[in-house]
Structures are given as structure tokens and as C-alpha cells.
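No value in this document is a laboratory result; all are computed from the given coordinates. Remember, it's a predicted structure, so these values are computed and weren't measured experimentally. FYI the Cβ positions are ideal-geometry reconstructions off the backbone, even for glycines, and counts take in every protein chain you see.
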Amino acid sequence: MDSQKDNPFRSLQTNASGLFSRIMARYGSEMKCASGCASCCNAEFSVYPGEAALILEDFLSLDPAARKALIGAWKNSRGGHCAFLVDQRCTTYASRPVICRTQGAPLCTSDELARTKKITACPLNFNEGRSIPSKPEHWFELNRLTELQSVAEQFFEKTIGIPETLQPLLDGDKRIPLRHLRDLLARLP
């Protein structure tokens, strides 16, 4: 597999993590996000092929013993949550998708036609009368993030291309369910 160093999702992941860190630094006392909290991971997710390629590359970079241990941990995990969650911890944390890097922070969705914005956050955060931040620099604009992900995916497909290994996993929306990705990784030599 070609190196993913030019994969545009790397920049998105870095930027999303940076904004989350700045939000956490400012509002950490009002947020419960921490290692071991997996409230945002209780669903099954799918990702763009460019994001799946980064997870694949990260997995392939592990030594054989680490891969075997990870596969064993996945076999013991239960369903109904992210396929890479084991014992309330992300097993692909370093290469986790962009959406995972935003959860817990204030999230803004916009309805362009109605000209409205709705800002939400994890129900564990901003409790006890504390309001969710209203300044744009203190939340993720999900509509814009989705646009950036779409552009990144188009660039990825044109310049790098979806690895053959991942192509059979594409669903009808040209995304890759994480459960299918995990199962593929578990079958790799």
C-alpha cells in the first residue's frame, strides 16, 4: 500500500484535534470527556475511504504481536457500539476518524433555508446550569466539517485512490462501516 502521508484526512484530523484541545483547555471544568468515557461511541459508524485508509495503514504499521493482541481484544468486544471500542477505550485512537475527534465538544448544525443554528453537546457536558458556548471559535460547525470531509475524500480518491483492500467494503453511500473494516483487519496476515 502506498504511504498515506499526503492523505488530506491527516490535516483534518490534526485540525479537529487541535480545536477540541483548545475547547477542552477553556471549558475542561464543564466537560466530562476523558480517557475511559465512551458515551459518544455507543453507535455503529461508517467513515470515508480516506479515513479508513489511515486506520488500515496504522494497523499495518504495528508489529505482529501487537496486531494479534488487538485482534484478540476485538473478538471479545460486544456489538452495539463502535467496532473499535474495547473496554471503553478506542483501539485506533491515533488514527480515529474526524467525527470521533469532535464528539463531546459543542457541535453546531445549520439550516441554511431557515437561517437557524442549533448548538448541542454531549449530555454529560455543560450541566449544572452552565450554558453551551455560543462563540463560533468554541464549537465545531458540522455543516462546514462535512463539506471539508467531502472535499478531502474527492482529493484522496483522485490523487491517492481507494486501496484495493478497502474497495469491497464500500457501502451504497461510498463509505466504509467500521465493523466491516475491523473484520477485514482481523483477517489480514
Next on the checklist: touching a helix residue (DSSP H, G or I) at 6+ places or on another chain (Cβ under 7 Å), among the polar types (S, T, N, Q) and surrounded by 16 or more Cβ atoms within 10 Å (Cβ to Cβ): is that true of Thr102 in this structure?
Outcome noted: yes
Checklist entry - Counting only residues that are under 16 Å from the mean Cα position of the chain (by Cα) and more than 14 Å from Ser11 (Cβ to Cβ), which one in the range 145-172 is surrounded by the most Cβ atoms within 10 Å (Cβ to Cβ)? => result Thr146
Next on the checklist: Looking at the structure I just gave you, is Ser17 out of contact with any Asp or Glu (no Cβ under 7 Å at 6 or more places or on another chain), in contact (Cβ under 8 Å) with a residue 12 or more places away in the chain and more than 19 Å from Arg175 (Cβ to Cβ)?
Outcome noted: yes
Checklist outcome for this item: Apart from one, (1) closer than 23 Å to Gln167 by Cα; (2) part of a helix (DSSP H, G or I); (3) aliphatic (A, V, I, L, M); (4) without any contact (Cβ under 8 Å) to a residue 40 or more places away in the chain all hold for Leu56; the odd one out is (4)
Checklist entry - Which condition does Phe126 not pass, out of (1) surrounded by fewer than 17 Cβ atoms within 10 Å (Cβ to Cβ); (2) of a type outside the set (Val, Ile, Thr); (3) in contact (Cβ under 8 Å) with a residue 12 or more places away in the chain; (4) in a loop (DSSP other than H, G, I, E, B), if it passes all the others? => result (1)
